Amino acid sequence: MGITENILKRVGLRANKPSGDQPATFWSKNRGWLVLAITGALFAAYPFLPFITDYWIDVAFFVGVYALLGLSLNIVLGEVGLFDLGHTAFYAIGAYVTAILNTTLHVPIIVLLPLSALIAAGFAYLVTSPVIHLKGDYLCIVTIGIGEIVRLTMINNPFNLTGGPNGINGIGGPNLFGLAINSSTQFYLYTWVIIGIIVFGLVRLQHSRIGRAWNYIREDETAAEASGVDVRTYKLLAFVLGAALAGVAGNIYASKQMSVSPQSFTFIESSLLFCIVLLGGLGSIPGSILGAAVVVVFPEVFRQFASYRLLFFGLALMLMMIFRPGGMWPRKREGTGLEGLGIRGLPTKDEDLILVGKPDLAILKPASTAVVRGVRLPPVTVAMDEGMLLQTHGGTLKFGGLTAVNNFDLNVRSGKITSLIGPNGAGKTTLFNMITGIYKPTSGQIDFLGRHITGLKPHTIISYGIARTFQNIRLFPSLTCIENIMSGPQCHAQSGTWAAVMHTIAEVREERHIVATAAYRLDQVGLWKYRNELAKNLPYGKQRYLEIARALATAPHLLILDEPSSGLNDKESEDLMVLLQALVKEGFTLLLIEHHMQVVMGISDWVAVMDMGQKIAEGLPKDVYNNQRVIEAYLGKEDD
Amino acid sequence: MATFFEQLINGLTIGSFYALVALGYSMVYGVMKLINFAHGDLFALGSYLGYTLLVASSSWVTVHFGLWGGMAVAMLFAFTGIGLAGVLMERVAYRPVYPAGRLSLVVSALGMSIFLQNGIMALWGSRPQAYPAAVVPSARFSLLGLPVTSLQVVILLLSFTLMLVIWFIVEKTTFGAAIRATALDRSTATLMGIDVRVVIFFIFALGPALGGIAGVMNGMYYRAISFNMGWTYGLKAFTATILGGIGNIPGAMIGGLLLGLMESLFAGYVSGAWKDVFVFVILIAVLLWRPTGLLGEKTAEKV
């Protein structure tokens, strides 16, 4: 498959696979190439068309600048879902870096192109890393604040660098190896070639584990962290990359205008960028470009209405959101088949993937060995009781004055099913949250596989081999089932941003491994035929299984299930028990919270009982079942 | 000392404009979880409505009701007009977009804001307008030996009264309990027999209407009004809202007053040009210290 076709597939212009009964025509075989060639030819021919004046070439140039800005904000807002309303700050930094260094030190524009990107990216890292943990609207106001701080600083002309309200004039144009770029046509072509290169990289990122990790965060941050995504790092990466692209746009803008001034970098500008991304469709690359075209061309077309044109524009924005809230060219994930994932070298028959993904059970079995699945774990340092996989010692968590978990010793034996039961509000889920790193224990110690894991981040703990499901199912609703499960192997993957863009051999191999593992687990829980459906469209019971499959795909030693049978009917509960027992045979250790006594008594090897944050009993299921204190905890004490 | 007092009074006056606009922001946010970016433009529209009433019928209103009476009539006019505009806005721009999610709502709000701003420009022109001196009370007197204008005193008294009234309605009345319940959980509130539509109507009428009054007061205080002043005030009020803790009524008041005070003290003693930078730096610092604002409640997500 050619690179071109690959890209086209990923941006949504997919060639349909020639089906068996229809002979492949030249058109169907090469549709990807042809569409790309035609698009490219149209773009290249545009300035030379007879009725296109320099004015309209400049309009197309500005569409390019805004497309670049839209694409850059799309990373932050569209892919990760971070509420950034100050993106213009990075654009301004790029433009001013170009202006200042070109006019004072006479650094050539073409050298400043990467430099502007680099400085904008560095600035983004510095200002966003302290605030990246803020949620939704709070992050939004901080980005607005950053945008305003940058603009006001430019106006206030610190150290006579920025030229104050009038800005800086006399910026030179780019010079490509002796070819000076100064006409409208040259600027147009120059800009769109750069956009072409950037789109190539963005499409590849979007279809790599990086892009998927961004989407996991957008869909459900807690679930993403719990599936092994280092949320903080990926959010910062999005900001840094987004800022770099905005810096490139700033450089191009400054060299075309030959001047920069603070009026170009207002809050209104940032909100226009926001509109571009939403108009095009969140996370859609062609959408962002189309959105930019609309935002730039719309006021031009309505120029004869002079001052009313923005009135109409405001109206159009509202109407768009009422009638087409998903945007003009939304990214479609379902129905593109496994090929839509953009991973090279997949088997022609989807089903073959399941076999590829079947794990070598011999490797999984001995759960006590130190090095598994090639993950570099820290050395074993803690002596644990014989045969135990997980132990908590005096695990305590206090919320203010309330002690949710009090001095709890939990022992989970390797290769067995341990159940944690207790009345509602006993603190069971809280204990799970402590083990998986969502809460930090107030005191006490948690040991797993001979290591302290107390207070580690959830994405680290999962890479050690503890996976979980949630009481109230947390999936990535707008992603397909296979994409949901592909978050699992994420925590063991190594490839970085550059590898994803370049499709290095190791990266492609890793991607194949991820999708194959996901395919195997999806099939294991019986959801293979739903692989290309969106997770939110599955019925409730199937969503539970999908969540279990996602946890399994992380290749854990210990699988923690929080009320897996809740909401299932008797038949479904029995099916679930069969699956859980099969998992133990495969070598997993299970820890459950469960209310369904039939399930608990039917499959548990060991039961611990929790009430009011404390352990009140533990033992074999039948002993616990008849324990007086347990009965009291559930049914209350009889009055004598 | 005199400068300090002057800056203090000035800061409190601006702060009370911010606080009134922030109140509307916060009320709408609390119930709808919607950042109403068009809120600042409703404030500007209020300014223009008051201006039009006073100028168009200056002789009539001011002659019949006197300076203060004219001001009161203008405020009442802006209050009613902007209240209606707020309700209309919810019907037209937000209600049809609710199912599409929060980001689409933001775009719709931005569209509304652009629409309003350019609507004002189309109706009243792009040049700033001035409240004529004849309609603005300008008596000066000394309070405890320090000079203040009667307008400042009235603005402060009225703003504080309005804030108290809103606080009383939201915190102490049965209807206020319905508002708070709707803010916490809309579907449960419906199940408890609260007519959520009435709550939303009230929120979108009262919140912007307060901004309308602030708009008239602002016009009287600074005299000059312009079509795009809504952006600046909206942004400041939004900052104040977040500073106090979004969705929190006393938070919005404190946030607004604090913002006005910081701004004018910094401008008076350090630098006028850098005052807004200072405000945003303080905001970021506060959020780092308290991620949900000064009075915002810590909400641990249930997992």
> Does the range A:109-128 contain at least one residue that is β-branched (Val, Ile, Thr) and within 14 Å of another protein chain (Cβ to nearest Cβ)?
Replying inline: yes
>> Take the residues in the range A:292-323 that are more than 9 Å from chain B (Cβ to nearest Cβ) and under 35 Å from the mean Cα position of the chain (by Cα); name whichever of them is surrounded by the most Cβ atoms within 10 Å (Cβ to Cβ).
In response: A:Ala292
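Confirm whether A:Thr143 is more than 7 Å from chain B (Cβ to nearest Cβ), polar (S, T, N, Q) and either surrounded by fewer than 16 Cβ atoms within 10 Å (Cβ to Cβ) or assigned to a helix (DSSP H, G or I) (or both).
On the way: more than 7 Å from chain B (Cβ to nearest Cβ): yes; polar (S, T, N, Q): yes; either surrounded by fewer than 16 Cβ atoms within 10 Å (Cβ to Cβ) or assigned to a helix (DSSP H, G or I) (or both): yes.
Judged against the criteria, A:Thr143 is a match.
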>> Out of the helices (runs of 4 or more DSSP H) lying entirely within the range B:196-303, which hold 1 or more residues that are among the polar types (S, T, N, Q)?
In response: B:196-222, B:229-244, B:249-269
>> Quick check on my filter: what residues within the range B:207-239 are surrounded by 24 or more Cβ atoms within 10 Å (Cβ to Cβ), over 10 Å from the mean Cα position of the chain (by Cα) and either of a type in the set (Lys, Arg) or farther than 17 Å from B:Thr52 by Cβ (or both)?
In response: B:Thr239
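Take the range A:532-548 and flag every residue that is under 19 Å from the mean Cα position of the chain (by Cα) and farther than 24 Å from A:Asn424 by Cα. Quick ask: steps written out before the conclusion?
First, the residues of the range A:532-548 that are under 19 Å from the mean Cα position of the chain (by Cα): A:532-536, A:546-547.
Matches in the range A:532-548: A:Asn532, A:Glu533, A:Leu534, A:Ala535, A:Lys536, A:Leu546.
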> If you check B:Arg102, B:Arg127, B:Arg91, B:Arg180, which single one turns out to be of a type in the set (D, E, K, R), surrounded by 14 or more Cβ atoms within 10 Å (Cβ to Cβ) and modelled with pLDDT of 90 or more?
Replying inline: B:Arg180
>> Which pairs turn up if I take residues in the range B:3-15 that are in contact (Cβ under 8 Å) with a residue 12 or more places away in the chain and look for partners that are surrounded by 20 or more Cβ atoms within 10 Å (Cβ to Cβ) and small (Gly, Ala, Ser) with beta carbon separation below 6 Å, at least 6 apart in sequence or on another chain?
In response: B:Gln7/B:Ser264; B:Asn10/B:Ser264; B:Gly11/B:Gly260; B:Gly11/B:Ser264; B:Ile14/B:Gly260; B:Gly15/B:Gly256; B:Gly15/B:Gly260
>> Of the conditions (1) at pLDDT 95 or above; (2) under 27 Å from B:Pro291 (Cα atoms); (3) among the hydrophobic types (A, V, I, L, M, F, W, C), A:Leu101 satisfies every one except a single condition; which number is it?
In response: (2)
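Residues that are in contact with an Asp or Glu (Cβ under 9 Å, 6 or more places away or on another chain) and away from chain B (no Cβ under 14 Å): find the helices (runs of 4 or more DSSP H) completely inside the range A:416-529 holding 2 or more of those. If you could, list the steps in order and put the result at the bottom.
Numbers: elements: A:428-435, A:458-464, A:481-485, A:497-502, A:505-524.
Correct list: A:458-464, A:481-485, A:497-502, A:505-524.
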> Restricting the first residue to the range B:226-248 and requiring it to be touching a residue at least 60 places away in the same chain (Cβ under 8 Å) and closer than 30 Å to B:Leu184 by Cβ, which pairs with a second residue that is part of a helix (DSSP H, G or I) and β-branched (Val, Ile, Thr) meet a Cβ separation below 7 Å and a spacing of at least six or different chains?
Replying inline: B:Tyr233/B:Val21; B:Leu235/A:Ile144; B:Ala237/B:Val21; B:Phe238/A:Ile141; B:Gly244/B:Ile254
> Among A:Gly247, A:Gly211, A:Gly228, which is the only one that is under 29 Å from the mean Cα position of the chain (by Cα), assigned to a loop (DSSP other than H, G, I, E, B) and in contact (Cβ under 8 Å) with a residue 40 or more places away in the chain?
Replying inline: A:Gly228
>> For the condition touching a residue at least 12 places away in the same chain (Cβ under 8 Å) and either assigned to a helix (DSSP H, G or I) or not hydroxyl-bearing (Ser, Thr, Tyr) (or both), what is the one hit in A:Val76, A:Val111, A:Val107?
In response: A:Val76
>> So, in the range B:95-107, exactly how many residues are among the hydroxyl-bearing types (Ser, Thr, Tyr) and more than 9 Å from chain A (Cβ to nearest Cβ)?
In response: 1
>> Of the residues A:Gly455, A:Gly437, only one is at positive phi, in contact with a Gly (Cβ under 8 Å, 6 or more places away or on another chain) and at pLDDT 90 or above; which?
In response: A:Gly437
> Pick from B:Leu110, B:Leu88: which is within 20 Å of the chain's Cα centre (by Cα), at the interface with chain A (Cβ under 8 Å from one of its Cβ atoms) and among the aliphatic types (A, V, I, L, M)?
Replying inline: B:Leu110
> Condition test on B:Gln117, is it within 14 Å of another protein chain (Cβ to nearest Cβ), part of a helix (DSSP H, G or I) and out of contact with any Leu (no Cβ under 7 Å at 6 or more places or on another chain)?
Replying inline: yes
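Say we look at the range A:166-183 and pick out the residues that are of a type in the set (A, V, I, L, M) and in contact with a Pro (Cβ under 9 Å, 6 or more places away or on another chain); which of these is surrounded by the most Cβ atoms within 10 Å (Cβ to Cβ)? Spell out the reasoning first.
Going residue by residue through the range A:166-183, those that are of a type in the set (A, V, I, L, M) are A:168, A:171, A:176, A:179-181.
Those left that are additionally in contact with a Pro (Cβ under 9 Å, 6 or more places away or on another chain): A:180-181.
Details: A:Ala180: 11, A:Ile181: 19.
Among those residues, the one meeting the criterion is A:Ile181.
The values are calculated or read from the model by the stated rules, or taken from the named source; none is laboratory data. Here the structure is a predicted model, which means the values were calculated and not measured. FYI the Cβ positions are ideal-geometry reconstructions off the backbone, even for glycines, and counts take in every protein chain you see.
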